[in-house]
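First the structure, in the form of structure tokens, and then the observations on it.
The values are calculated or read from the model by the stated rules, or taken from the named source; none is laboratory data. Not measured: the values here are computed from a predicted model. A quick note on method: Cβ atoms are made from the backbone with ideal geometry, for glycine too, and the neighbour counts reach across all protein chains shown. The accessibility values were calculated without ligands, DNA or RNA, using every heavy atom of the protein model including side chains. Shrake-Rupley method; radii C 1.70, N 1.55, O 1.52, S 1.80 Å.
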Amino acid sequence: MILSAVFSKPSKTCPEIFGKPYIKIRIWKNPSPSAKKQNEFQAEFFTEKQAFQKSFTAEQAREFIEKHAGTAFKNCIVKTDTEEITTMANKKGEIKVFRKAAKNFSAEQKFSNNFNRIKNYILQEGIPVPFLVELGVMTKDGKVVAQKYDKFRQINRFLEFINDIIENIENLNGASYSQGNPLRIVDFGSGKSYLTFAVYYFLTELKKNSCLHNRT
């Protein structure tokens with residue numbers, strides 16, 4: 001059973017194959033017990049400046065890996081419940097496959113580890129978040145809607161970026177935030193404003209920062 005795959009070192013034909021200059025692709029088994037067949041696997045496609053999400057069935061994930069490992073990408077590492085498979089292509093296009101036994105973890109343990117990562121999200125599944133409920137990402141009891149799981153991950157990933165830099169921003173400010181010296185947010189307000197609500201909730205409810213100045 002495939003657990004994850006990481007593609008790196010794109011070939012010269014990669015932009016032509018995918019229509020975008022991807023530099024890395026990550027695929028992993030969806031940790032949500034409520035995931036439907038079409039969402040069994042999640043994927044992130046990275047360019048230099050952007051990340052795109054996609055869902056796969058188990059069969060689609062397997063076919064994608066078989067088709068692009070060593071071709072569109074020169075390096076691919078696939079982890080299953082029993083082994084780690086590394087596919088590498090040299091400059092001549094020659095492909096070699098290396099296999100080694102997986103560490104002493106059962107498939108159930110690895111699935112459990114992946115599922116436990118959900119609990120480390122900034123916005124946690126099982127805890128209702130008002131704006132996510134209103135936007136249809138969560139139910140009233142805090143359960144993430146299966147079709148919105150990609151959006152739930154995207155919002156959390158965005159908040160991780162904010163969380164990583166917020167302390168540095170406060171240090172650069174040189175003084176505590178106050179009504180006279182607010183934390184200034186520039187917001188373009190595009191789309192349904194998922195991320196706008198997320199940042200506001202994160203800073204006011206989780207970080208308890210009431211000194212915000214929002215400019216749209």
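If you take the residues of the stretch 170-188 that are open to solvent by 40 Å² or more (accessible area, probe 1.4 Å) and closer than 27 Å to PHE52 by Cα, which of them is modelled with the lowest pLDDT?
Ranking the candidates gives PHE188 first.
When you look at GLU167, is it over 22 Å from the mean Cα position of the chain (by Cα) and either at pLDDT 80 or above or among the charged types (D, E, K, R) (or both), yes or no?
So GLU167 passes the test.
Are there any pairs with C-beta distances below 7 angstrom linking a residue in the stretch 140-169 that is more than 13 Å from LEU195 (Cα to Cα) to a residue that is in a helix (DSSP H, G or I), with the two at least 6 apart or on different chains, and if so which?
LYS140/VAL133; VAL144/PHE152; ALA146/ASN39; TYR149/ASN39
Taking the stretch 3-14, which residues are touching a residue at least 60 places away in the same chain (Cβ under 8 Å) and open to solvent by less than 40 Å² (accessible area, probe 1.4 Å)?
Result: LEU3, SER4, ALA5, PHE7, SER8, SER11.
Among the residues of the stretch 89-120, what is the count of those that are assigned to a loop (DSSP other than H, G, I, E, B) and modelled with pLDDT of 80 or more?
Qualifying residue count for the region: 5.
When you scan the stretch 56-65, do you find a residue that is in contact with a strand residue (DSSP E or B) (Cβ under 7 Å, 6 or more places away or on another chain) and closer than 18 Å to GLN154 by Cβ, even just one?
Yes, the stretch 56-65 contains at least one residue that is in contact with a strand residue (DSSP E or B) (Cβ under 7 Å, 6 or more places away or on another chain) and closer than 18 Å to GLN154 by Cβ.
Residues that are surrounded by fewer than 18 Cβ atoms within 10 Å (Cβ to Cβ), at least 3 per element: which strands (runs of 3 or more DSSP E) completely within the stretch 38-87 meet that?
In the stretch 38-87, the matching strands (runs of 3 or more DSSP E) lie at 51-56, 73-80.
Go through the residues of the stretch 15-30 one by one and say whether even a single one is without any contact (Cβ under 8 Å) to a residue 40 or more places away in the chain, farther than 19 Å from THR86 by Cβ and of a type in the set (S, T, N, Q).
Checking the stretch 15-30: not a single residue is without any contact (Cβ under 8 Å) to a residue 40 or more places away in the chain, farther than 19 Å from THR86 by Cβ and of a type in the set (S, T, N, Q).
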